[in-house]
1. How far, in degrees from 0 to 90, does helix 13-23 lean away from the longest principal axis of the Cα atoms of the chain, to the nearest 10?
2. Can you sort 259, 56 by solvent-accessible area, 1.4 Å probe, largest first?
3. Please state the shape class of region 224-304: rounded when a/c is under 1.5, otherwise prolate if a/b exceeds b/c and oblate if not, all from the C-alpha gyration tensor.
4. Summing Lys, Arg as +1 and Asp, Glu as -1, what charge do residues with Cβ under 12 Å from the Cβ of residue 50 carry, residue 50 excluded?
5. Which order do 175, 155 take when ranked by solvent-accessible area (1.4 Å probe, heavy atoms of all protein chains), largest first?
6. Identify which of the listed values of Rg/Rh (Cα atoms, Kirkwood Rh) was calculated from the structure shown: (i) 1.05; (ii) 1.10; (iii) 0.98.
7. Bin width 5 Å, origin at 0, all Cα-Cα pairs of region 147-304: what percent of pairs per bin?
8. Among all the lysines, which ones have a C-alpha under 30 Å from residue 57's C-alpha, if same-chain residues fewer than 8 places away are not counted?
Amino acid sequence: MSIQFKHPTLDDRGWVNELYQKSGCRGSECSFVNMYLWGRGYGEIAEVNGYVVQFIKYGGVKYYAYPAGEGDLRPVLEALADDARSYGHPMRLLGVTGERRDELERVWPGAFSYEENRDAYDYLYDIDRLADLGGKKLQSKRNHCNRFEQSHPDWQVEPVTADNLGQCREMAEVWFEQYDGETSEAHDFRIEKIALGRAFDDFAGLGLEGLLLKDGGEILAFTMGNRILPDTFDVNFEKAYAAVQGSYPVINREFARYIRETHPGVKYLNREDDMGLPGLRRAKESYHPDILLVKMIATLEESR
């Protein structure tokens with residue numbers, strides 16, 4: 001029997017966030033914001049036995065997000081297996097961390113095969129390191145910030161609000177028009193543009209927070225995200241003009257400082273995955289993540 005999935009709406013935010021909180025998951029997939037923003041492109045949701053489950057179709061392949069909630073996982077997995085069987089495809093689970101792999105093995109020992117999904121690894125950083133950029137490893141980041149400040153002595157940052165959200169949207173339009181960087185089968189920038197547009201449309205309703213960087217009234221960069229656990233803040237989007245040297249390191253640093261001040265309980269910034277883009281991977285690795293959250297795809301190999 002198939003599960004009755006549906007596209008997420010803002011009305012689903014409360015119960016979905018509650019279940020994600022109970023799961024204790026730090027992954028970027030455990031965020032109603034990401035589910036809502038990318039849902040039209042990638043999937044639908046349902047509630048099964050006290051868990052939120054998500055159906056995802058990507059690249060012609062059908063997957064399920066790892067269930068999030070608390071309680072007995074077995075009936076939830078059985079429901080997903082039945083749903084997959086009704087469509088004639090294997091049950092494939094995304095977002096399987098090492099801890100979740102152990103959980104699957106306790107429920108159904110030896111029933112799954114596992115494949116590392118390197119493009120989906122999340123990069124988590126200690127917020128103090130990003131805010132202060134201390135130590136030799138981050139010397140180059142401090143240098144980039146210093147050069148930006150020297151070139152833009154009147155630079156300033158301010159929170160993203162209803163009053164300046166339209167300016168951020170205009171800057172994003174220019175960014176997408178100018179973008180000539182890498183592409184990847186793992187990421188469709190057309191879908192990202194739609195997702196970012198939805199973030200602008202429903203910024204307040206989603207509980208998003210953001211910061212913009214400007215000089216002389218011109219926005220040079222902006223970023224936005226949401227708190228997914230008491231100690232973890234997820235950075236959903238970050239856009240800056242690559243031609244403006246230091247704009248990315250500065251907005252990164254300033255947002256870390258902003259979140260540290262406004263949410264003193266936050267310890268980690270999850271800057272999400274690298275989408276399989278070599279340049280983005282190098283950039284995220286250059287900040288030396290404190291946690292590289294390994295994720296796997298688990299495929300059910302036998303009927304249950």
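1. 80
2. Result, largest first: 56, 259.
3. Cα axes put region 224-304 in the oblate bin.
4. Value of the local net charge: -3.
5. Putting 175, 155 in descending order of accessible area: 155, 175.
6. Answer label, from the structure shown: (iii).
7. P(r) for region 147-304, in whole percents per bin: 1, 8, 16, 20, 21, 17, 9, 3, 2, 1, 1, 0, 0.
8. Output for residue 57: 6, 22, 193, 239, 284, 295.
The values are calculated or read from the model by the stated rules, or taken from the named source; none is laboratory data. What you are looking at is a predicted structure, and each value in this text was computed from that prediction instead of being measured. Every residue, glycine among them, receives a Cβ derived from its backbone with ideal geometry; neighbour counts consider all protein chains shown. The accessibility values were calculated without ligands, DNA or RNA, using every heavy atom of the protein model including side chains. Shrake-Rupley method; radii C 1.70, N 1.55, O 1.52, S 1.80 Å.
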